[in-house]
Amino acid sequence: MSILRVLDLEVSQAVMARWTIGVRNTSGTNGPFVMPPLFLSTLGPRPPKPAAEPSDFVRPSSRAPHSLLGGATAAVKGDSEALDSGRMGRCCVCLEKLPLAELEASSDVCGSKRCSGCCGACLQQYFESKVASSQFSLPTISCIQCRGRLPCSRWRECVEEPTYQRYKDLARRLLNVRCPACDRMLSLAAEEPGTRHREGALEAFRQRCRDLKAVCDTWSGFKKGTVTAARFVDVLTESGPSDLLDSRPERRIADDGWHYAHRQFFQWYGQERAQREWDLADVYSLARRVARDGDEYTLAEFRDWFGNTGAQARWASAPICAMRLAEDVLPLIDDVERRTALHLAQLRRYPKIWTPCCHMEYCFKCQVGSWHDGRTCEQVLEREAAVEVQFCEGCGVPTQRTEGCSHMICLCGASWTWEGGDDEDDQDSDWDF
């Protein structure tokens, strides 16, 4: 105990927890001690260390795939692995005595040699417990030692496929909306990007950026977790392709007689020829952007209302269209957590959207089937804070009934009936949306 008094609280808790595990493991139990999920929380917060993940804008990753299931690593280490095969060490979590090659599993995932010392079995249990403990959130998976963010492409090789599928399901649930017209529960989540389509779309996106360096630098930091999603939205608005702001992009007629958007010209003709073909093509429809009233207008209509000077400023400050973001940017991000974080940041800033099925007004921030004209989101949320809650029969999450009938459909998929009240309550309310 004299040693523990010298250490700070964080290290004392970690040493005491590991000492307790070691005692229990040698007191007659068979196999390694099963680490409780809450054990890792005793290590306390540490300064975040970004993972060494190269940016898509620089070059594709040359890292070899790895698999850590069962505590074995598939990373190629050459002669050093053969030398370490006869040497033994202890896992810093379960304290099992294992070959040193197996204790490098954590460094293979994190990418830093300083994070070695944890076996593959403990890593798998750690990652699976993080995913299993989440219901309506998407946890950021971090290194078990340095707490740096881990890209999904690294930690997913350490877990069984159902665990990663559950993680993707959590991402889809966060983006669920209920259409007020057809009453269907749909997800706004972008589809998993294909490698071939992603490479071509990425090059076309680079060519259309107004300030490529600013977008590249921010993109790289966002992937590592050092740049917030909100900041990335700002940079895309200021320096990304200008047509990201178009709720309906300008379309021009190509040689085949069909009309296409600007980005499609780049994908088809390439950088050298695309702009020339675009300038020669006849205009089929003008671009439209969303104004503060939520409706779409052309630049000429902006000028008729605000004048030349005011119209250009408002045209340039229009919000990024959710549909353009989903079509042009999100498919370029292969990491499901980063893709969801960027999508949520955009929806929280510009929550007024249309449902993908029936094109009905929907406020994502308030989760109501209208744009609640005349009331801000803060006013709506303040009212809902006093609304009674009942618990979902499927997942137990407290739920509010803010509109509609008594038939409830939870984000988890369970259907149940709201107890008390009737459908006429919504018609008599001053807040009928």
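Please list 372, 359 from largest to smallest accessible area, probe radius 1.4 Å, with all protein chains kept in place. Write down the numbers at each step before the final one.
Working: 372 10, 359 105 Å².
Reading off the accessible areas and sorting them downward yields 359, 372.
Tell me the net charge near residue 355. Cut-off is 12 Å between Cβ atoms, residue 355 excluded, with +1 for each Lys or Arg and -1 for each Asp or Glu. Please list the in-between numbers first.
Values: positive: 178, 184, 352; negative: 183, 361.
For residues surrounding residue 355, the net value is +1.
Could you order 323, 360 so the one with the most accessible surface comes first? Probe is 1.4 Å.
Working: 323 100, 360 75 Å².
From most accessible down to least: 323, 360.
Over the range 237-330, what percent of the accessible surface lies on carbon and sulfur atoms, probe 1.4 Å?
Details: 2650 of 5440 Å².
Solvent-exposed carbon and sulfur of the range 237-330 make up 49 percent of the total.
Over the heavy atoms of residue 223, what accessible area does a 1.4 Å probe trace out, to the nearest 10 Å²?
30
Please grab the % of Cα pairs in the range 186-271 that end up more than 19 Å from each other. Don't jump to the answer; show the numbers that get you there.
Working: 1894 of 3655 pairs.
Everything past 19 Å amounts to 52 percent.
How much length would be gained if the chain were fully extended between residue 136 and residue 348, taking 0.36 nm per residue of separation minus their Cα-Cα distance, in nm to one decimal?
On the way: separation 212, 0.36 × 212 = 76.32 nm, distance 1.65 nm.
Extending this stretch completely gives an extra 74.7 nm.
With a point put 7 Å past each Cα toward its Cβ, work out how far residue 386 is from residue 146 in nm, to one decimal.
Between residue 386 and residue 146, the label points sit 5.2 nm apart.
Which ³J(HN,Hα) values in Hz, rounded to whole numbers, follow from the phi angles of the range 275-292 under the Karplus curve 6.51 cos²θ - 1.76 cosθ + 1.60, where θ = phi - 60° and Gly and Pro get x?
5, 5, 5, 5, 5, 7, 6, 7, 6, 9, 8, 7, 6, 10, 10, 8, 8, 5
Starting from the Kirkwood Rh over alpha-carbon pairs, what translational D in µm² s⁻¹ does the range 102-260 have by Stokes-Einstein at 10 °C and 1.306 mPa s?
Estimated via Stokes-Einstein, D reaches 84 µm²/s.
Going by a ≥ b ≥ c, the root eigenvalues of the Cα gyration tensor, does the range 261-397 fall in the rounded group (a/c under 1.5), the prolate group (a/b larger than b/c) or the oblate group?
Working: a/c = 2.94, a/b = 1.55, b/c = 1.90.
Taking the square roots of the gyration eigenvalues as a ≥ b ≥ c, the range 261-397 is oblate.
Rounded to the nearest 0.05, what FRET efficiency do residue 272 and residue 161 give with R0 = 56 Å and r taken as the Cβ-Cβ distance? Could you check?
Numbers: r = 43 Å, r/R0 = 0.77.
Once rounded, the FRET efficiency stands at 0.85.
Hey, how many Å between the Cα centroid of the range 95-159 and the Cα centroid of the range 204-234?
For the range 95-159 versus the range 204-234, the Cα centre distance is 27 Å.
The values are calculated or read from the model by the stated rules, or taken from the named source; none is laboratory data. Being a predicted model, the structure only gives us computed values, none of them experimental. Note that each Cβ is placed from the backbone with ideal geometry, even for glycine, and that neighbours are counted across all protein chains shown. Please note that ligands, DNA and RNA were not included when accessible areas were found on the heavy atoms of the full protein model with its side chains. Shrake-Rupley method; radii C 1.70, N 1.55, O 1.52, S 1.80 Å.
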